[in-house]
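Derivation of every value follows stated rules applied to the coordinates shown; laboratory data play no part. The structure presented is a predicted model; accordingly, all values stated were derived computationally and were not measured. Cβ sites come from the backbone with ideal geometry, for glycine too, and all protein chains shown count toward neighbours.
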Amino acid sequence: MSIRYLEKDRIFWLDTPNTTYLLGIVAQEGFLGHLYYGKRLETITGARELFRVTEPPFVPEKNDRDRSSFFDAFPFEYSSHGVGDFRESSLRIRTKSGHSAVSLVYVSHEIRKGKGKLAGLPATFGKEDEVTTLVIRCIDPVTKLEVELSYSTFEKVDAIARSVRVINGSLEPLYLEKVMSACLDMEARDLDVLTLHGSWARERRMERKPLGHGKFSVGTQRGESSHQEHPFLALLTKNADQTMGEVYGFHFVYSGNFLAQAETNQFGNLRVVMGIQPEDFCWKLEPGERFQAPEVILTYSCQGLGGMSRSLHDLYRNHLIRSPWLHKKRPILINNWEATYFDFTAEKIVDIARESAKLGIEMLVLDDGWFGNRFDDNRSLGDWWVNEEKIKGGLGELVSKINALGMKFGLWFEPEMISPESRLFEEHPDWAIQIPERRPCRARNQLVLDVSRKEVRDFILDQVFRVLHSANIEYVKWDMNRPLSDLGSAALPADRQGELSHRYVLGMYEMQERLLQEFPNLLLENCSGGGGRFDPGMLYYSPQIWCSDDTDAIERLKIQEGTALLYPLCCMGAHVSVCPNHTVGRSTPFATRGMTALAGTFGYELDVTKLSDEDKAAVPRQVRAYHAFHDLIREGNYYRCASYLENHEFDCYQVVAKRGEAALVFFTQVLATPNMHSRCIPLQGLKKGTNYRIFLVNLDKEELMTDTGRCVSGDLLMQAGLLLDRPWGDFQGRLLYLEETP
Ligand code: DGJ
């Protein structure tokens, strides 16, 4: 068992393959304290010393006069509120009498094999021999609020999943105003903090800065995990880079409002909390009722950021994504959004499909604009029936034609939205999220549907299912194009309005679950105005998420670097589009666009009937490369070798087969430099005592690969580096294949 309880020491000892996490019970009152999280320990004799309870201010029973100094310094496992710990609390309540204080003590615990589901929420999972779970029950003796702290350790992955369940054990209703999912107190060191910030078309940019005293936080109140901040935070030692140094990663398995915060206090104590954003959150708990907070993934790496990335990739591939498509090659798709926007007819779509099929593309995805009166983005969201003016003969006929070309068919929906100009709004104006007498803030001229209500979910799903049953639709793109505002639900009483944002997320999860139950083989791709809801919660439902509306190959280097820091490449929706690029106006070679998209799910988003002969001829070559390498890209280990974000000149990363026998090296020269010899880039993850033959993968030539005739030892490639010639011109890509050779 990778979780033990040492009765004599009152210590819980949690191990993953390379990490150890220790917490214990302190003082007569039974406070839970954090002892250690880091590199794996084989013995822990003397660990309780780290509680410092023999140093002043002592434990409260020895020094009740200075109980406050104990409370403000002790490394709590799950911090209290309002009783003397002035750092960030993990839990805040409001009782009938108006008090907010809460302070927990240990009651009992249980260690079991496997891991239970979290009611209504996405969460990691594992079989009994893959994961072990510790549940510690605590109580606030005054309010009788019960709290279950849950920790799951994975046998083969360096990750710990933490979550919290709150139970109202009192005889009166109470209000939860804040429930963090994890709290971690550590000794402060000279650390950096790393987060992913962004915007529409600029998602998940890595930002690293020194962590000082006070509070540093990222979060969102937009009702989705957001383009702007990612539900992630990492703490790094100063020497940490891709290959070395210590990294503590925190990632929230949730798709709504969040808070991630690190705080260093006066005594050099560092506290990290992560959970649902407390702003605007208030959840009423009747006596006996429970509240399940979402899960936080903790990971520690002493092999730098690369170690963290690979732990999270393995965790998500093996213990989070459930789709039957996870380990399968996804059909290469062509999406009509950038090709036509709203201006299409069934004939146009069939034309695109006909030309695409000839080039080896396997699925046509019909994006926004096929329904209701949707000739632009001002109307019809909620009216999920086919626009027969555009699609004469209906979807059944269109899909049959596409299937007859040997292609699959996929369809776009935006199920959580309502246009004020729609039949749905005429009939159910109260289904939009809004505050009575306040004109709701529109975005893209649309409002958000109150999917916290079951009748709303049922109605929308009924329409969506009807469409999906009407034709052979094998893929759905589920979009969400605006954040939540004007938080008001016509169905909730006054003292439950603070529940709306979370109920919305739970409702959306339930809709996705029901969609997958109805269509178990469906390939679902989530999307939110590009990558505004790219988070581990959504991955539980869809094996891939549209990364960004920015399809420019160079902007994508940055977006995909930030995304791949946490997510396996096979999750990143990535397409080849036309130039000048529709977002930034940049022109890049077709082969570079192909290479960047190959590092994700791979597809096209252009009018293939308008491609130049040269580009058209390149499509089957890219398709061939996808078929040749996508197993490796999907299942392999990811290594970041150079970052264009950091060096402003070039980008390089690898995917290495799990046993090291083959690797792909993706290199992009963003800006050419004159009068220089070749670059030398150290590789990672190869076998030391093995030689590798080096091939150039051709995305624009007849033959798939050219043997460079070079054979270099893994040792040399990792220690000295791989020599890469400098291509002529800006925005040039090189894809190399390395194969173990005797
Ligand atoms: C935003 C998505 O990211 C795009 O790909 C496209 O589907 C549009 N929405 C359609 O409105």
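For region 331-341, just list the computed ³J(HN,Hα) in residue order, Karplus coefficients 6.51, -1.76 and 1.60, θ = phi - 60°, integers in Hz, with x standing in for Gly and Pro.
Ordered by residue, 3J(HN,Hα) equals x, 6, 10, 10, 10, 8, 4, 5, 6, 10, 6 Hz.
Which length gain, in nm to one decimal place, applies between residue 518 and residue 171 when the Cα-Cα distance is subtracted from 0.36 nm times their residue separation?
120.9 nm
Please say if region 268-313 is rounded, prolate or oblate, where rounded means a/c under 1.5 for a ≥ b ≥ c the square roots of the C-alpha gyration tensor eigenvalues, and otherwise the choice is prolate for a/b larger than b/c and oblate otherwise?
Prolate, since a/c reaches 1.5 and a/b exceeds b/c.
Subtracting the Cα-Cα distance from 0.36 nm times the residue separation, let me have the gained length for residue 708 to residue 117 in nm, one decimal.
207.6 nm
Rank 272, 43, 578 by how far each Cα sits towards the positive end of the charge dipole of the chain (+1 on Lys, Arg Cβ; -1 on Asp, Glu Cβ) and give me just the farthest.
The one lying farthest along the dipole's positive direction is 43.
At 7 Å along the Cα-to-beta-carbon direction for both residue 392 and residue 327, put a label point, then send me their distance in nm to one decimal.
Here the answer is 4.8 nm between the modelled labels.
For the pairs 115/215; 62/209; 392/477; 39/209, note any where the Cα-Cα span goes beyond 29 Å.
115/215; 62/209
Given R₀ = 51 Å, FRET efficiency for residue 700-residue 244 by Cβ-Cβ distance, to 0.05?
E(calc), rounded to 0.05, equals 0.85.
Could you sort out which of 348/610; 348/390; 558/658; 96/454; 658/687 sit more than 19 Å apart by Cα distance in this structure?
558/658; 96/454
Give, in whole angstrom and from largest to smallest, the semi-axes √(5λ) of the equivalent ellipsoid of region 184-234, with λ running over the eigenvalues of the Cα gyration tensor.
Equivalent ellipsoid of region 184-234: 23, 12, 8 Å, largest first.
In percent, how large is the relative contact order of the chain, given Cα pairs closer than 8 Å and 6 or more residues apart?
10
Which whole number of Å³ per residue matches the convex hull of the alpha-carbon atoms in the chain?
159
State whether region 3-319 is rounded, prolate or oblate according to the following rule on the C-alpha gyration tensor (a ≥ b ≥ c being the square roots of its eigenvalues): a/c under 1.5 gives rounded; otherwise a/b larger than b/c gives prolate, and the remaining case gives oblate.
Note, shape of region 3-319 comes out rounded.
When only DSSP loop residues count, what trypsin sites (Lys or Arg not before Pro) in region 242-321 have their Cβ near at most 15 other Cβ atoms within 10 Å?
none
Express in nm, to one decimal, how much length is gained between residue 190 and residue 465 on full extension, taking 0.36 nm for each residue of separation and deducting their alpha carbon distance.
Full-extension gain reported as 93.6 nm.
Select from 105, 258, 540 the residue farthest towards the positive end of the dipole of the chain; place +1 on Cβ of Lys and Arg, -1 on Cβ of Asp and Glu, and compute about the Cα centre.
Of the candidates, 105 comes out farthest on the positive side.
With contacts defined as alpha carbon pairs under 8 Å and 6 or more residues apart, what's the relative contact order of region 433-547 in percent?
Rounded, it is 30 percent for region 433-547.
Calculated from DSSP H runs of 4 or more alone, at -39500 (n - 2.57) each and per residue, what is the 222 nm mean residue ellipticity of the chain, nearest 500?
-6000 deg cm²/dmol
Decide, for region 375-482, between rounded, prolate and oblate: order the square roots of the alpha carbon gyration tensor eigenvalues as a ≥ b ≥ c, take rounded if a/c falls under 1.5, and otherwise choose prolate if a/b is larger than b/c, else oblate.
Taking the square roots of the gyration eigenvalues as a ≥ b ≥ c, region 375-482 is prolate.
Please report the relative contact order for region 13-61, taking Cα pairs under 8 Å with a sequence separation of at least 6, and give it as a percent rounded to a whole number.
Reported as a whole number, the value is 31 percent.
So, in nm, how far is label residue 442 from label residue 610 when the simple model puts each one 7 Å beyond its Cα toward the Cβ?
2.8
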